[in-house]
């Protein structure tokens, strides 16, 4: 396949180069267009411009070179996926605990992205070579709903909904102990733990990013609490960090949880992305999608309620 050339004259009042490209190329994500600028694939009045924030006044002749997608280095793997919903724009999957979303150091196979590439080969051209189709992420050991975009325009539109906090996610979590109140709102900035850069932590305001978590109690047990949790922001490990900050960490959390006393033999932490509400591309009204609690987590609850004498039944 040969390169595709796109040409246009910028209408006044102009603006940033990357913003202008988004306006004229709505089917492409802003991040992809920024990469094209930095890679020297955009000219302004015949000169290559590599600054994404370059200011245009209006009237300039812009040319964009679109190269055919490079074959991804990711190897598709035919791993079964539990598909909750699919249309021409997105794929909604109920991710199993233990599955990494995309390849990273130490995880070069068995990821959600590689499973999705086997199911949708065209996904490799969406968003980026290493994370094709990825709109948002879940921790490896968090189960539940995750979205993948099948087209650049869908990726950009839904990421914008996340940015504007128009996507609403609900989690089910089991904590060790009880939070200080049955319901609550946690507003505490999150940043890198200064004592361990691989962890996140609650940090002083101005040292991290705003993070807001809302929870309510669904069921009380002698040493644990079942919660419904909503995030108003989407920070790395947000629920896990905030619940540990309250003194009631997520049960089974090997990073932020209690280590001296383990009362439930969990193979992974008890956190499940159960419900998500968003507006699908091309639709005006938001839709809600749900994923039931995995069997292993359901058995933990049955055991805590006394319905099972052992988790091995």
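The values are calculated or read from the model by the stated rules, or taken from the named source; none is laboratory data. Note that the coordinates shown come from a computational prediction; the quantities given were computed from them, not determined experimentally. So basically every Cβ, Gly included, is an ideal-geometry build from the backbone, and we count neighbours across all protein chains shown.
So here's what we get for this one:
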read-out: For residue 19: the one exception among (1) under 23 Å from residue 121 (Cα atoms); (2) in contact with a helix residue (DSSP H, G or I) (Cβ under 9 Å, 6 or more places away or on another chain); (3) surrounded by 13 or more Cβ atoms within 10 Å (Cβ to Cβ); value: (1)
read-out: Unique match (being touching a strand residue (DSSP E or B) at 6+ places or on another chain (Cβ under 7 Å), assigned to a strand (DSSP E or B) and crowded, with 18+ Cβ neighbours inside 10 Å) among 100, 170; value: 170
read-out: Complete set of residues in region 177-192 that are within 21 Å of the chain's Cα centre (by Cα) and part of a strand (DSSP E or B); value: 186, 187, 190, 191, 192
read-out: Flag for residue 26 being part of a loop (DSSP other than H, G, I, E, B), loosely packed, with under 14 Cβ neighbours inside 10 Å and out of contact with any strand residue (DSSP E or B) (no Cβ under 8 Å at 6 or more places or on another chain); value: yes
read-out: Residue within region 214-226 that is in contact with a helix residue (DSSP H, G or I) (Cβ under 9 Å, 6 or more places away or on another chain), at pLDDT 90 or above, assigned by TED's automatic domain parsing to the domain that holds residue 176 and within 20 Å of residue 165 (Cβ to Cβ) present; value: yes
read-out: Filtered residues of region 274-289 (kept if touching a residue at least 60 places away in the same chain (Cβ under 8 Å) and in a strand (DSSP E or B)); value: 274, 275, 276, 277, 278, 289
read-out: Residue in region 202-210 that is closer than 28 Å to residue 298 by Cα and either surrounded by 15 or more Cβ atoms within 10 Å (Cβ to Cβ) or not assigned by TED's automatic domain parsing to the domain that holds residue 159 (or both) present; value: no
read-out: Condition check for residue 156: surrounded by 21 or more Cβ atoms within 10 Å (Cβ to Cβ), outside any strand (DSSP E or B) and at pLDDT below 90; value: yes
read-out: Filter pass, residue 302 being exposed (fewer than 15 other Cβ atoms within 10 Å of the Cβ), out of contact with any helix residue (DSSP H, G or I) (no Cβ under 7 Å at 6 or more places or on another chain) and assigned to a loop (DSSP other than H, G, I, E, B); value: no
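Every residue, every condition in (1) outside any loop (DSSP other than H, G, I, E, B); (2) closer than 19 Å to residue 151 by Cα; (3) in contact (Cβ under 8 Å) with a residue 40 or more places away in the chain, yes or no:
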position: 20; (1), (2), (3): yes, no, yes
position: 40; (1), (2), (3): no, no, no
position: 50; (1), (2), (3): no, no, no
position: 74; (1), (2), (3): no, yes, yes
